[in-house]
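Colleague: Here it is: the structure, laid out below.
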Amino acid sequence: MTKQHANWSPYDNNGGTCVAIAGSDYCVIAADTRMSTGYSILSRDYSKIHNCKADKAVLSSSGFQADVKALQKVLKSRHLVYQHQHNKQMSCPAMAQLLSNTLYFKRFFPYYAFNVLGGLDEEGKGCVFTYDAVGSYEKVGYSAQGSGSTLIMPFLDNQLKSPSPLLLPAQDAITPLSEPEAVDLVKTVFASATERDIYTGDKLEIMILKADGIRTEVMELRKTLSECWQHTLSIVLIRISTLGSLCYLELCLKFSCVVNRFSFSYL
Amino acid sequence: MFRNQYDTDVTTWSPTGRLFQVEYAMEAVKQGSAAIGLRSSSHVVLACVNKAQSELSSHQKKIFKVDDHIGVAIAGLTADGRVLSRYMRSESINHSFTYESPLPVGRLVVHLADKAQVCTQRSWKRPYGVGLLVGGLDESGAHLYYNCPSGNYFEYQAFAIGSRSQAAKTYLERRFESFADSSREDLIKDAILAVRETLQGETLKSSLCTVSVLGVGEPFHFLDQEAIQKMIDTFEKVPEEEEGEAEVAAPAEQGGGADGLGDQDVAPMEM
């Protein structure tokens, strides 16, 4: 008798991709908003990003969203306990260690969550920590996790990694890019991943952390042709009546960008 | 006369139906320095007198944040108070985790009271020697509760516990009917005035009292020394002028205030 395998799994993969890039005084964390199961879409507007409300630490996780939600709740409670005991908020490196410990605590029934933690360290420099499902973590300059990570990481390596560790000391803990350049890179990278990864798409949520606060941007990711036409037509009808032909021209250009797979920022 | 025979154990009744150990625990509350609580329909203010062991040491922390919407002021054995505050914090966090909503204050005080009751019915335990003024805000409005070592709890519009609290209670009894509609500033002023009553002659300085506020749209937080001093300055100047003191000193508390009220003897510790 061959052993019967379980036809029920406690896990499911809800897909999605998360990316973070650390800069000299900022950190960019981004994730798409598509939540799927198998070949179906569960939601086009589900946020994978969690603001830990620690001193500038934001967690983004892809994988099994039920486990992700539970993990976020546990971190939130542990952070409250820390605040009561120490009378201050957790720093990002402290939160990184806490997350690692929390994940390893469930070493033998893991949280199916692939995490990227981004924030500002105690000196105000950007830091990104990347994890596996059981808590092994590393401080890096940039990272991608999730279904699109295999498409995105090689490109980030190409753009951000120092050329050779033999010639120069490895400087890739902090990217030399400016904040607008990093945000643009993230948008480009997600636009590309959306093309070939079916689990990544719909909208892109970007959080930019700086010393003075957190800013959020939401960007639409590539739609199918028919959706584009519907979108364009509805706007054209409104725009023509309000602002005239110049806007129509702008809109046609935008539409052509989408069709030709350029990043929106090239407009 | 019979007290001494029946007061060794918390599990021994007296012939008159009293548990003396529990009553002795309530005496411990009266030994601590004063803590005062007041509430309006939208805010709760907790204030306490800062007592330091000696001039060299810092004062004891008597007001604790339990959650954004609940705070507690203690009087009595502060070590017991700290332990109970930690328990309250953990209850609040667990409730938030399970129900994704803030813990209603009424539930918290019942948990506390039940915990206190256990210690009155176990021969190997002793009652907690601390009284707690729990102030909080939930869906049904602002609340102020007093938790006894006996395991009883009561809801109050305003209350004071600890040494010389009777003076504060007298003051609050005169004014409590107006508290429900008080503004936030008036409520804080009343709290500071109540603290002044317990000082019985000592000049009121912002370093002598700690004040905390919570309310609608305002999570629990402590008022800083400058804000308290400003409040004190608004009413401390009046007795100074009435006394006809010539010195209009910049720190208002160092002047007429002491001479005016210090004529009476310091009242003996409240029973």
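Colleague: For the stretch A:200-210, check the following and say yes or no: at least one residue is at pLDDT 65 or above, among the hydrophobic types (A, V, I, L, M, F, W, C) and surrounded by fewer than 14 Cβ atoms within 10 Å (Cβ to Cβ).
Modeller: No, the stretch A:200-210 contains no residue that is at pLDDT 65 or above, among the hydrophobic types (A, V, I, L, M, F, W, C) and surrounded by fewer than 14 Cβ atoms within 10 Å (Cβ to Cβ).
Colleague: Can I ask one more? For the stretch B:127-159: of the residues being out of contact with any strand residue (DSSP E or B) (no Cβ under 8 Å at 6 or more places or on another chain) and assigned to a strand (DSSP E or B), which is farthest from B:Ser85 (Cα to Cα)?
Modeller: Checking each candidate, the answer is B:Gly141.
Colleague: Here's a check for you: in the stretch B:84-104, which residue that is away from chain A (no Cβ under 11 Å) and farther than 23 Å from B:Gly141 by Cβ is surrounded by the fewest Cβ atoms within 10 Å (Cβ to Cβ)?
Modeller: B:Tyr87
Colleague: Pairs under 7 Å by beta carbon, first residue closer than 18 Å to A:Phe114 by Cα in the stretch A:145-160, partner among the β-branched types (Val, Ile, Thr) and open to solvent by 20 Å² or more (accessible area, probe 1.4 Å), six or more apart or different chains?
Modeller: Taking only residues 6 or more apart or on different chains, the pairs are A:Gln145/A:Thr130.
Colleague: Please state which of the following conditions B:Trp124 fails to meet, knowing it meets all the rest: (1) outside any strand (DSSP E or B); (2) touching an Asp or Glu at 6+ places or on another chain (Cβ under 9 Å).
Modeller: (2)
Colleague: B:Gly135: more than 12 Å from chain A (Cβ to nearest Cβ), of a type outside the set (D, E, K, R), touching a Lys or Arg at 6+ places or on another chain (Cβ under 7 Å) and more than 30 Å from B:Asp7 (Cβ to Cβ), yes or no? Write out each step before concluding.
Modeller: Working: more than 12 Å from chain A (Cβ to nearest Cβ): yes; of a type outside the set (D, E, K, R): yes; touching a Lys or Arg at 6+ places or on another chain (Cβ under 7 Å): yes; more than 30 Å from B:Asp7 (Cβ to Cβ): yes.
Criteria met by B:Gly135.
Colleague: Separate question: So, in the stretch A:83-96, exactly how many residues are more than 11 Å from chain B (Cβ to nearest Cβ) and surrounded by 15 or more Cβ atoms within 10 Å (Cβ to Cβ)? Spell out the reasoning first.
Modeller: Within the stretch A:83-96, the first condition is being more than 11 Å from chain B (Cβ to nearest Cβ), and the residues that meet it are A:86, A:88-96.
If we keep only those that are surrounded by 15 or more Cβ atoms within 10 Å (Cβ to Cβ) too, we end up with A:89-96.
Count: 8.
Colleague: Let me ask something additional. Examine the stretch B:117-129 for a residue that is under 17 Å from the mean Cα position of the chain (by Cα) and open to solvent by less than 30 Å² (accessible area, probe 1.4 Å), and state whether such a residue exists.
Modeller: Yes, the conditions are met somewhere in the stretch B:117-129.
Colleague: Limited to the stretch A:61-80, what total is found for residues that are within 11 Å of chain B (Cβ to nearest Cβ), aliphatic (A, V, I, L, M) and farther than 19 Å from A:Tyr104 by Cβ?
Modeller: Total satisfying the criteria: 1.
Colleague: Within the stretch A:38-73, track down each residue that is within 16 Å of the chain's Cα centre (by Cα), open to solvent by 30 Å² or more (accessible area, probe 1.4 Å) and within 17 Å of A:Asp202 (Cα to Cα).
Modeller: A:Arg44, A:Asp45, A:Tyr46, A:Ser47
Colleague: So which strands (runs of 3 or more DSSP E) are wholly in the stretch A:23-83 and hold at least 2 residues that are touching a residue at least 60 places away in the same chain (Cβ under 8 Å)? Write out each step before concluding.
Modeller: On the way: elements: A:26-32, A:35-37, A:40-43, A:49-54, A:57-63.
Ranges flagged: A:26-32, A:49-54, A:57-63.
Colleague: Then there is this: For the condition loosely packed, with under 14 Cβ neighbours inside 10 Å and not β-branched (Val, Ile, Thr), what is the one hit in B:Ser14, B:Ser57?
Modeller: Working: B:Ser14 fails: loosely packed, with under 14 Cβ neighbours inside 10 Å.
Exactly one residue qualifies, and that residue is B:Ser57.
Colleague: For the list (1) surrounded by fewer than 18 Cβ atoms within 10 Å (Cβ to Cβ); (2) within 14 Å of another protein chain (Cβ to nearest Cβ), I need the number of the one condition that B:Lys51 fails.
Modeller: For B:Lys51, the exception is condition (2).
Colleague: Turning to a different aspect of this structure: What number of residues in the stretch B:160-202 are assigned to a helix (DSSP H, G or I) and out of contact with any Cys (no Cβ under 9 Å at 6 or more places or on another chain)? Steps first, please.
Modeller: Looking only at the stretch B:160-202, we keep the residues that are assigned to a helix (DSSP H, G or I), and these are B:165-181, B:184-199.
Those left that are additionally out of contact with any Cys (no Cβ under 9 Å at 6 or more places or on another chain): B:165-181, B:184-190, B:193-194, B:197-198.
Within the stretch B:160-202, residues that are assigned to a helix (DSSP H, G or I) and out of contact with any Cys (no Cβ under 9 Å at 6 or more places or on another chain) number 28.
Colleague: Can you name every residue in the stretch A:99-120 that is more than 20 Å from the chain's Cα centre (by Cα), open to solvent by less than 60 Å² (accessible area, probe 1.4 Å) and either away from chain B (no Cβ under 14 Å) or among the hydrophobic types (A, V, I, L, M, F, W, C) (or both)? Quick ask: steps written out before the conclusion?
Modeller: Of the stretch A:99-120, the ones more than 20 Å from the chain's Cα centre (by Cα) are A:101-102, A:104-110.
From what is left, the residues that are open to solvent by less than 60 Å² (accessible area, probe 1.4 Å) are A:102, A:110.
Within the stretch A:99-120, just A:Pro110 meets the criteria.
Colleague: Right, B:Gly141: away from every other protein chain (no Cβ under 14 Å) and over 24 Å from B:Phe179 (Cβ atoms) or not? First the steps, then the outcome.
Modeller: Working: away from every other protein chain (no Cβ under 14 Å): yes; over 24 Å from B:Phe179 (Cβ atoms): no.
Spelling it out, it is not the case that B:Gly141 is away from every other protein chain (no Cβ under 14 Å) and over 24 Å from B:Phe179 (Cβ atoms).
Colleague: Of everything in the stretch B:64-79, what is within 13 Å of another protein chain (Cβ to nearest Cβ) and either open to solvent by less than 10 Å² (accessible area, probe 1.4 Å) or at positive phi (or both)? Give them in sequence order.
Modeller: Selection gives B:Val66, B:Ile70, B:Gly71, B:Val72.
Colleague: Let me ask something else. State all residues of the stretch B:60-93 that are over 22 Å from B:Ala158 (Cα atoms) and touching a Leu at 6+ places or on another chain (Cβ under 9 Å); if no residue qualifies, say none.
Modeller: B:Tyr87, B:Arg89, B:Glu91, B:Ser92, B:Ile93, listed by residue number.
This table checks each residue for (1) modelled with pLDDT of 95 or more; (2) among the β-branched types (Val, Ile, Thr); (3) closer than 18 Å to A:Ile214 by Cβ.
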site	(1), (2), (3)
A:Leu99	yes, no, no
A:Tyr104	yes, no, no
A:Tyr111	yes, no, no
A:Val116	yes, yes, yes
A:Tyr131	yes, no, no
A:Tyr137	yes, no, no
A:Val140	no, yes, no
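The values are calculated or read from the model by the stated rules, or taken from the named source; none is laboratory data. Quick caveat: nothing in here was measured; it's all calculated off a predicted structure. In this analysis, Cβ positions are derived from the backbone assuming ideal geometry, glycine residues included, and neighbour counts consider all displayed protein chains. Heads up: the accessible areas ignore ligands, DNA and RNA and are worked out on the full protein's heavy atoms, side chains in. Shrake-Rupley method; radii C 1.70, N 1.55, O 1.52, S 1.80 Å.
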